[in-house]
1. Rank by packing, highest mean first: peptides 204-210, 131-137, with packing defined as the count of other Cβ atoms within 10 Å averaged across residues.
2. Enumerate the whole-percent occupancy of each 5 Å bin, from 0 to the last occupied one, for all C-alpha pair distances of region 244-356.
3. Could you compute the net charge surrounding F192? Neighbours are other residues with a C-beta less than 11 Å from the C-beta of F192; K and R count +1, D and E count -1.
4. Taking square-rooted eigenvalues a ≥ b ≥ c of the alpha carbon gyration tensor, is region 7-246 rounded, prolate or oblate, where a/c under 1.5 means rounded and, failing that, a/b exceeding b/c means prolate?
5. Cα axis of helix 103-114 to longest principal axis of the chain: angle in degrees, 0 to 90, nearest 10?
6. Highest mean first, how do 252-258, 288-294, 333-339, 217-223 rank when packing is the count of other Cβ atoms within 10 Å averaged over residues?
7. What is the sum of charges, Lys and Arg at +1 and Asp and Glu at -1, for the other residues whose Cβ falls under 11 Å from the Cβ of G210?
8. Compute the distance from the alpha-carbon center of region 131-181 to that of region 229-299, in whole Å.
Amino acid sequence: MSMIKDFRTIAAVNGIASDAAFGAVNPPLYLSSNFAFREFEHSQAYEYSRTSNPTRDLLADTLAKLEGGAGAVVTSSGMAAVNLILSLLKPGDRVIAPHDCYGGTYRLLGALRDKGHFDVEFVDQSNDEALTSALKRGASLVLVETPSNPLMRVVDIQAISRHAKSVGARLVVDNTFLSPALQRPIALGADFVIHSTTKYLNGHSDVVGGAVIAAHSKDIEELKGWANMIGVTGSPFDSYLTLRGIRSLFARIERQQTTAAAVARFLVERPEVSVVHYPGLTSHPGHELATRQQLGFGAMLSFELNGGIEAVRRFVTGLTVFTLAESLGGVESLVAHPASMTHVGMGEEARRAAGISEGLLRVSVGLEAEKDLLSDLAFSLAKIG
């Protein structure tokens with residue numbers, strides 16, 4: 001692997017033809033929960049799969065290489081990955097988080113704050129003045145989500161990294177929406193990258209998983225220790241499926257983002273739609289930054305329907321190709337209503353502050369034919385009127 005420079009090749013072949021026992025081209029799946037000791041008081045490389053497992057370790061190695069990190073820890077879910085990072089904090093530490101972050105992250109941060117684990121301030125990170133002011137009050141950890149879920153706001157990772165480091169804070173970037181195929185936050189100054197591997201990395205909506213990738217080797221052992229102690233490491237089978245998904249990551253996202261751009265352009269022209277949130281549109285306020293910071297604009301977008309919740313209700317009943325469901329990043333196209341689904345746990349006041357209205361819909365574009373997706377949208381939008 002030392003000669004491989006292209007990330008697409010790493011995704012496709014990391015671990016391929018490495019089986020020393022039988023020469024299997026595809027890396028074997030090690031489902032064993034435990035491993036035999038070589039002799040009394042002397043274990044072999046592996047002892048117990050909660051602590052470490054060959055299949056999970058190969059996935060972690062692949063993720064670390066793709067993100068340009070020193071190592072990775074594979075967890076049982078994306079939220080477990082967020083919680084693992086937060087376990088590094090102690091009472092009195094302070095977290096600066098996006099005011100428009102994923103609803104599950106918002107809920108977890110608030111719950112741990114209320115238990116006294118640490119302090120949290122939710123900030124509009126696209127507002128330099130607000131972010132600078134929050135950092136001046138002190139911070140241990142800055143959590144960034146770019147593009148944000150579900151409003152696709154883009155923030156400057158390099159600039160926030162500089163601000164965070166100036167006050168001694170470490171930077172965590174949730175890279176779930178773009179994956180390392182389209183954005184590599186560690187190269188932009190992040191100390192940690194987190195993923196819900198359920199989404200684009202696995203890409204087939206049949207696994208729940210997560211990961212934390214660390215930029216610095218000194219952080220890896222601490223993360224592994226915590227993951228082992230609290231038991232949030234991912235299962236070998238889920239790791240195997242996720243690695244299989246990563247093999248096609250770059251090809252999937254290339255096709256998906258091409259179709260997503262067509263969907264965004266279509267929606268902009270529709271009178272039933274008041275606004276489309278997609279960084280690939282030149283009208284998007286984060287377009288220029290996304291062009292510099294990202295390797296593509298991704299396959300996620302959101303849009304606002306005129307008519308609010310009643311328009312949403314009529315729209316989703318007409319869909320036959322898109323599926324109304326949570327999650328994202330799979331080969332199938334999905335529509336979600338954040339206010340009643342993914343972000344319901346935030347509460348109405350927090351949703352309003354973040355700009356998540358009753359008329360907002362989030363779209364994950366899959367691998368279906370572009371013409372079928374556009375026809376489905378046209379038919380459903382016509383039902384609103």
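Rule-based calculations on the coordinates, nothing more; no lab input. Computed from a prediction, not measured in an experiment: that's the story for all the values here. With ideal geometry, Cβ positions are generated from the backbone for all residues, glycine too; neighbour counts draw on all protein chains shown.
1. Working: 204-210: 20.4, 131-137: 16.0.
Descending packing order for the listed peptides: 204-210, 131-137.
2. With 5 Å bins starting at 0, P(r) equals 2, 10, 17, 22, 22, 16, 8, 3, 0.
3. Values: positive: R170; negative: E67, D174, D191, D219.
Neighbour charge sum, excluding F192 itself: -3.
4. On the way: a/c = 2.18, a/b = 1.66, b/c = 1.31.
Prolate shape, in that a/c is at least 1.5 and a/b is the bigger ratio.
5. In the chain, helix 103-114 runs at an angle near 70 degrees to the longest axis.
6. Numbers: 252-258: 19.6, 288-294: 17.1, 333-339: 23.0, 217-223: 15.1.
For the peptides 252-258, 288-294, 333-339, 217-223, the packing ranking is 333-339, 252-258, 288-294, 217-223.
7. Numbers: positive: K199; negative: D174, D238.
The answer is -1.
8. Spelled out, the Cα-based centre of one part sits 19 Å from the other.
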